[in-house]
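Note sheet for the following structure.
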Amino acid sequence: MPSQKQLMKGAEAIAEAAIRAGCRHFFGYPITPQNEIPEYMSKRLPEVGGVYLQAESEVASINMIFGGASTGARVLTSSSSPGVSLMSEGASYLVGAELPAVIVNIMRGGPGLGDIAPSQSDWSMMTKGWGHGDKRYISLCPATVQEAVDMMSLAFDLAEKYRNPVVLLGDGLLGQMMEPVIFPALSEIAPEQSWAARGKLATRPRVIVRSLYLDPAELERHVDHLYDKFARMEREEPRAETWMCDDEPPVLVCAFGTVARIAKTAIGKLRGEGLRVGLWRPMTAWPFPVESLQKAAATSDRLLSIEMNKGQMVEDIRAVIGHDKPVGFWGRSGGMVPTVDEMMNAIRGQFANA
Amino acid sequence: MTETLAFGRTPLLTHNYMHYCPGCTHGVAHRLVAEVIDEMGIQDRTIGVSPVGCAVLAYNYIDVDFIEAAHGRAPAAATGLRRTLPPDRYIFAYQGDGDLASIGMAEIVHAANRGEKLTIIFVNNAIYGMTGGQMAPTTLPGMKTTTSPGGRDVAQTGHPIRVCELLDTLVAPVFIARGSLSSAKNTIKAKKLLRQAFDLQHQGFTFVELLSTCPTGWGLSPTDSLAWLDRNMLPFFPTKTFREPGAMPEHTAAYHPDLKVRD
């Protein structure tokens, strides 16, 4: 039933989308607010001949992902902020060993144990700080359940294209909301053979999946090679949406994920009041869509970044815009979801500042 | 006059120069693993997992496909291999005592408890070798290391962990044994344990501990190290087969509780 629309919870839709994209192996550890993903996988994967395995920890999950990815299989894990912190070492190993894998982070409030409410406070971790060493991860930021579904097959394709882990970065709202979605047809993907450790073949040299390069000159060459890939990602993979910007509005709101949806409602109402506001929404946290932002910002007087954190994406925006024009920030943290009314007030403030 | 070859190079060992210290038993352990794989004719179906520690470079010497795991995570990485590869593959992880019994204790216990169809080779030399001779979870009471300069104080740091005995409390494993590499005779016995483990691997979790030496870390000559192992490690770490099919302990009997929840 590839084209039939069905109503589904975000987390379950993400899980089903992974299976449709050819993922048959899931390793994970329970954590709120994303438990519907492993629960769905534990029931659904055996139906399609796949394997669901509950790991003893997120540390074990990401290392099971490492082993599974080493065989060329499409492997998935999902977690939420504290669990994703625990996976950071393994993620760095995946980059170093050039292994494709998809990691879903349904963000919750932090720091520490924080809470289980929706948050966007892992932006900096995923774009800059996840794990040790010189590394990058493509991070996809869906705003709707349908977009999350579409981005799941893209995530696996990109992971294999670059042989690098890819992150699907959502929040508790996206995981819990129910929306109508259309899934692609179920696909079977044959595991990669050329670089995968599946047993020594006569047709190729022995495979050693590793991230250790004891000779500094050799490691530098390896990291240079990784950065060649990252540079290509920066050229080819930035994705962004520009909305209500045709009339060159003086105020440009910047928001990602579910916050961008709330922002659209707020902007629509402000437009009704006659205030000209536009929206710029990155769909990739990294690579950050620099050119798209520059283009959208070119005709505006000031920018306002709205986030469910204390101001993380705004640092990337300021790095692009520099001192050319004011870049403001407004947000809620701790798992508080901004209301349309308070967001409208924050945006009105930009006109008061003008 | 004909010449008879008494001992040849193990076919599955590469020609790479081994980085191990003189007298270290890693080389012997590698050879045994390579011989078992060769004798079983499974080179093309075997994938190894190397640890973090002295044996991280095991893939330089044993000529099969390999992956290199993060510190302590070899059983989890091996689980990832097992759950994605065709069932005819043989998968082994090779770990030291710091890797397996300290940072990786959760992963080894849970892989064993799940009955993952793996062979884990546990090289126990009672010390961290790669990092320069620090105290390990298997360091003996009173034993001097660079981080227990006055000797391991059990009042502060506890007693050495007996991993075989600990894993033997679990239901799932099908083979658990401890051997020693302290003499030619013991080494021959140890090889038989490895062969048993590989033979049984497709039935469930198999585990072989090999008591080993670290002459550099211990500050002893290679021959003194072998004698030290026999004298000091064997009394605390007895060499025996703890678990094998046909000799399963009482606590491994099938258990069917009559609990109905969420029905």
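Here are the numbers:
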read-out: Residues of the range B:58-89 satisfying the condition of being open to solvent by less than 30 Å² (accessible area, probe 1.4 Å) and more than 7 Å from chain A (Cβ to nearest Cβ); value: B:ALA58, B:TYR61, B:ILE62, B:GLY72, B:ALA74, B:PRO75, B:ARG82
read-out: Single condition A:ASP224 does not satisfy, out of (1) open to solvent by 50 Å² or more (accessible area, probe 1.4 Å); (2) in a loop (DSSP other than H, G, I, E, B); value: (2)
read-out: A:VAL314 vs. criteria β-branched (Val, Ile, Thr) and crowded, with 20+ Cβ neighbours inside 10 Å; value: yes
read-out: Test: B:THR14 is under 26 Å from A:LEU99 (Cβ atoms), surrounded by fewer than 19 Cβ atoms within 10 Å (Cβ to Cβ) and hydroxyl-bearing (Ser, Thr, Tyr); value: yes
read-out: Conditions (1) over 30 Å from A:VAL75 (Cβ atoms); (2) open to solvent by 10 Å² or more (accessible area, probe 1.4 Å); number of the one not met by B:ARG114; value: (1)
read-out: Test for A:ALA97: is it within 14 Å of chain B (Cβ to nearest Cβ), surrounded by fewer than 24 Cβ atoms within 10 Å (Cβ to Cβ) and on the phi < 0 side of the Ramachandran plot; value: yes
read-out: Tally, over the range B:228-263, of residues that are farther than 30 Å from B:ASN113 by Cβ and open to solvent by less than 50 Å² (accessible area, probe 1.4 Å); value: 1
read-out: Any hit, the range A:180-190, residues being surrounded by 16 or more Cβ atoms within 10 Å (Cβ to Cβ) and more than 14 Å from every other protein chain (Cβ to nearest Cβ); value: yes
read-out: Failed item, numbered, when A:SER124 is tested on (1) part of a helix (DSSP H, G or I); (2) in contact with a strand residue (DSSP E or B) (Cβ under 9 Å, 6 or more places away or on another chain); (3) small (Gly, Ala, Ser); (4) more than 21 Å from A:ALA55 (Cβ to Cβ); value: (2)
read-out: Top-ranked residue in the range B:105-126 [being in contact with an Asp or Glu (Cβ under 7 Å, 6 or more places away or on another chain) and among the polar types (S, T, N, Q); ranked as farthest from B:LEU193 (Cα to Cα)]; value: B:ASN125
read-out: Residue list for the range B:41-56, restricted to those being at the interface with another protein chain (Cβ under 9 Å from one of its Cβ atoms) and surrounded by fewer than 23 Cβ atoms within 10 Å (Cβ to Cβ); value: B:ILE42, B:GLN43, B:ASP44, B:ARG45, B:VAL52, B:VAL56
read-out: B:GLY129, sole failed condition from (1) at negative phi; (2) of a type in the set (Gly, Ala, Ser); (3) open to solvent by less than 10 Å² (accessible area, probe 1.4 Å); value: (3)
read-out: Residue check, A:GLU241 open to solvent by 30 Å² or more (accessible area, probe 1.4 Å), more than 14 Å from chain B (Cβ to nearest Cβ) and under 29 Å from A:VAL145 (Cβ atoms); value: yes
read-out: Failed item in (1) touching a strand residue (DSSP E or B) at 6+ places or on another chain (Cβ under 7 Å); (2) within 22 Å of A:TRP123 (Cβ to Cβ); (3) among the hydrophobic types (A, V, I, L, M, F, W, C), with A:VAL320 passing the rest; value: (1)
read-out: Any chance A:THR144 is within 16 Å of the chain's Cα centre (by Cα), open to solvent by 10 Å² or more (accessible area, probe 1.4 Å) and at pLDDT 95 or above; value: yes
read-out: Residues (in a loop (DSSP other than H, G, I, E, B) and open to solvent by 30 Å² or more (accessible area, probe 1.4 Å)) located in the range A:147-179; value: A:ARG163, A:MET177
read-out: Filtered residues of the range A:21-72 (kept if assigned to a helix (DSSP H, G or I), surrounded by 19 or more Cβ atoms within 10 Å (Cβ to Cβ) and charged (D, E, K, R)); value: A:GLU36, A:GLU58
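The values are calculated or read from the model by the stated rules, or taken from the named source; none is laboratory data. Source: prediction; values computed, not measured. Cβ atoms come from the backbone with ideal geometry, glycine included; neighbour counts cover every protein chain shown. Remember, those area values only see protein heavy atoms, side chains included, never the ligands or the DNA or RNA. Shrake-Rupley method; radii C 1.70, N 1.55, O 1.52, S 1.80 Å.
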